[in-house]
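See structure below.
The values are calculated or read from the model by the stated rules, or taken from the named source; none is laboratory data. Every value quoted in this text rests on a predicted model; they were computed, and no experiment measured them. FYI the Cβ positions are ideal-geometry reconstructions off the backbone, even for glycines, and counts take in every protein chain you see.
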């Protein structure tokens, strides 16, 4: 422990050295106290941007080739797909936002100079596309207001999708036009061969051209964006909760776990080089010099996993903040199994701009090994629910003329002095045997795509070679058999349903802790079947020198019904009371089990009421918990102040206050709560259906109100009709309630 803390201290000191180096070399950015909203060309805009010494931006694509880009991904041959939200906030009233006029562009660099010179409309007539995942010759796409996932493919090579098929559709799903900021994003193909996303409490697995669904009982984290690191750790962020990163301690399948010290309060402070008056929340969100003082729109995160920036950049967390016109770079540390983050620079950002229209919304590691930044380049970045007439933000939008800057966008890549971008891939045309060579590639993009392609081809001819790589044998493809090659080989075998006991047991004894952790994770298929031999083998790692391995043993053993597995869980818990990560992980697993048991606790209810509360539980844990905490006690990640008030014991959730709670969800809540002012105001949820509001309120009233449990009457359930009644009564009201106003209203 002492040695690890010393390492952590040295790493912290290194960030200060990086900061001092920037000062010494005269790289301090110039502050712009009176920015103009005038449009700048890409070349002019790049001159306003600050990066540390040695780093530079290169323009990859811009308008008119692309417009309003929000996400990018690459096919196996290195062509770039760009999701464009062409109807997003064309004015401050969100006029025409729900029209299906958006599209996905296909861009290509034909002369390998790093600049896109060929563009095609790959798919059009879409409603604000929000998720993409490239799989072989297909592109999976999800649109706003829909749960469907559609696969598009180009069969004649003209760059235009000519085949369209739905690979996932939820039965009885009612389309919603709810606030588009509170809908799913991500579709990240993780190391474990599951695709994860935000909001919806499920994960997807692509098998034989279809989607398999697995539920996540405790819900998921996040809002805009999702990413993973080399070892399958997921990183979420929550703009609504003003939290730049969360949910990264354990996989959400096992439950929810965050620590109040996983980053310091200082981590949530942001350092723009431009006055930023156009912020939802108004003056409390601004410093005396009118700069944004705190994350408020974190999105588009990624872990840099490339090989064409300095080695100390690999594994760093990147997150965008478009309101502040910045991109944060953070160092990620593992100490005794617990993960911490720290800004890589002292009171500075990795990228900052004084161009008022610079709106970084996404980031990604590219096939060339560089970091890519997606700039939506526009005046208004917040959605219409926050720009209504009379609001602080609307006044700034109108006075600054921000609504006029629309229909543009840029994509940049970050390069470093003396380092050339890597070659263009040709994976779609290569054999699975050739793809094996990329499982140990220094660029994570190549490793991920090689694994994904072999699995989606269902090519089992390479199984013997994969086993050889996984067990570190020489004289095979990827013969260097580095730890990353072994890890990807194991997961590729798992994805092909070809992992065998011998290979897995060999990996459990690997010299590298991350390989051992991977083997424990994959062994769950055996553990859940109460396989005595595998339980005995995994149990040997319960006191592993690596806390990461110990944590995974606890996670993987927990859901086994075997007495042996339960004994291992008990033993780990009893012998690691001095390790915060293991203690908290056990607690998170127990709470996750409680969520699973909720259905049983509601057994006394009518099935309709039971379904209403269970549906609300999923909404709450995937959305509301990001601000109010999964336990309703508030959320103060990073030892900072809470973004929103606690719900547990809150008066509006009491049995007699049903209409009060409905009004709050329909119109929002502003001002002090119990004498305290919070950084985030409760926004209106009126864009959601009456049933959606009824569900989430029913769960909140049952879980956090004064309703006595296990008693059928009086019921905590709110009906769609009750919501509709209050909605009609308040027709024309377009501002949030205060608690004083609500107290003066008569309850029915």
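Can you list the helices (runs of 4 or more DSSP H) found entirely within region 414-514 that contain at least 2 residues being under 30 Å from residue 329 (Cα atoms)?
It comes to 444-457, 483-495.
Among the residues of region 365-380, count how many are at negative phi and in contact with a strand residue (DSSP E or B) (Cβ under 8 Å, 6 or more places away or on another chain).
Within region 365-380, residues that are at negative phi and in contact with a strand residue (DSSP E or B) (Cβ under 8 Å, 6 or more places away or on another chain) number 11.
In the set 510, 563, 536, 531, which member is farther than 23 Å from residue 596 by Cα, free of Cβ contacts under 8 Å to residues at least 12 places away in the same chain and over 27 Å from the mean Cα position of the chain (by Cα)?
Going through 510, 563, 536, 531 in turn, the sole match is 531.
Quick test of your reading of the structure: residue 279 fulfils all but one of (1) assigned to a loop (DSSP other than H, G, I, E, B); (2) surrounded by fewer than 24 Cβ atoms within 10 Å (Cβ to Cβ). Name the failing condition by number.
Unmet condition: (2).
Tell me which residues, restricted to region 202-227, are in contact (Cβ under 8 Å) with a residue 60 or more places away in the chain, under 20 Å from residue 627 (Cβ atoms) and in contact with a strand residue (DSSP E or B) (Cβ under 8 Å, 6 or more places away or on another chain).
Hits for region 202-227 are 220, 221, 222, 223, 224, 225, 226.
Pick out the one residue from 75, 114 that is assigned by TED's automatic domain parsing to the domain that holds residue 185, under 23 Å from the mean Cα position of the chain (by Cα) and within 26 Å of residue 423 (Cα to Cα).
75
Would you call residue 160 over 23 Å from residue 67 (Cβ atoms) and touching a strand residue (DSSP E or B) at 6+ places or on another chain (Cβ under 9 Å)?
Judged against the criteria, residue 160 is not a match.
Hey, does region 330-349 have a residue that's touching a helix residue (DSSP H, G or I) at 6+ places or on another chain (Cβ under 7 Å) and free of Cβ contacts under 8 Å to residues at least 40 places away in the same chain?
No, region 330-349 contains no residue that is touching a helix residue (DSSP H, G or I) at 6+ places or on another chain (Cβ under 7 Å) and free of Cβ contacts under 8 Å to residues at least 40 places away in the same chain.
Condition test on residue 544, is it within 30 Å of residue 224 (Cβ to Cβ), modelled with pLDDT of 95 or more, touching a helix residue (DSSP H, G or I) at 6+ places or on another chain (Cβ under 8 Å) and surrounded by 15 or more Cβ atoms within 10 Å (Cβ to Cβ)?
For residue 544, the condition - within 30 Å of residue 224 (Cβ to Cβ), modelled with pLDDT of 95 or more, touching a helix residue (DSSP H, G or I) at 6+ places or on another chain (Cβ under 8 Å) and surrounded by 15 or more Cβ atoms within 10 Å (Cβ to Cβ) - is not met.
Go over the candidates 327, 332, 361 one by one and state the one that is over 14 Å from residue 267 (Cα atoms), in a strand (DSSP E or B), modelled with pLDDT of 95 or more and in contact with a strand residue (DSSP E or B) (Cβ under 7 Å, 6 or more places away or on another chain).
Just a single option satisfies the conditions, and that option is 361.
I'd like the full set of residues that are farther than 30 Å from residue 719 by Cα and not in a helix (DSSP H, G or I), limited to region 558-608.
559, 560, 561, 562, 576, 577, 578, 579 - these are the residues of region 558-608 that are farther than 30 Å from residue 719 by Cα and not in a helix (DSSP H, G or I).
What is the number of the single condition among (1) in contact (Cβ under 8 Å) with a residue 60 or more places away in the chain; (2) surrounded by fewer than 21 Cβ atoms within 10 Å (Cβ to Cβ) that residue 165 does not meet?
(1)
Looking at (1) touching a strand residue (DSSP E or B) at 6+ places or on another chain (Cβ under 8 Å); (2) not in a loop (DSSP other than H, G, I, E, B), which is the only condition residue 645 fails?
(2)
Return the only residue of 368, 375 being in the same structural domain as residue 114 (by TED's automatic domain parsing) and either surrounded by fewer than 22 Cβ atoms within 10 Å (Cβ to Cβ) or within 22 Å of residue 273 (Cα to Cα) (or both).
Unique residue meeting the criteria: 375.
Here are the criteria: (1) part of a loop (DSSP other than H, G, I, E, B); (2) crowded, with 20+ Cβ neighbours inside 10 Å; (3) at pLDDT 95 or above. Tell me which single one residue 230 does not satisfy.
Residue 230 satisfies all of (1) part of a loop (DSSP other than H, G, I, E, B); (2) crowded, with 20+ Cβ neighbours inside 10 Å; (3) at pLDDT 95 or above except (2).
Would a scan of region 345-353 turn up a residue that is within 16 Å of the chain's Cα centre (by Cα), crowded, with 23+ Cβ neighbours inside 10 Å and either within 18 Å of residue 413 (Cα to Cα) or not assigned by TED's automatic domain parsing to the domain that holds residue 133 (or both)?
No; the residues of region 345-353 include none that is within 16 Å of the chain's Cα centre (by Cα), crowded, with 23+ Cβ neighbours inside 10 Å and either within 18 Å of residue 413 (Cα to Cα) or not assigned by TED's automatic domain parsing to the domain that holds residue 133 (or both).
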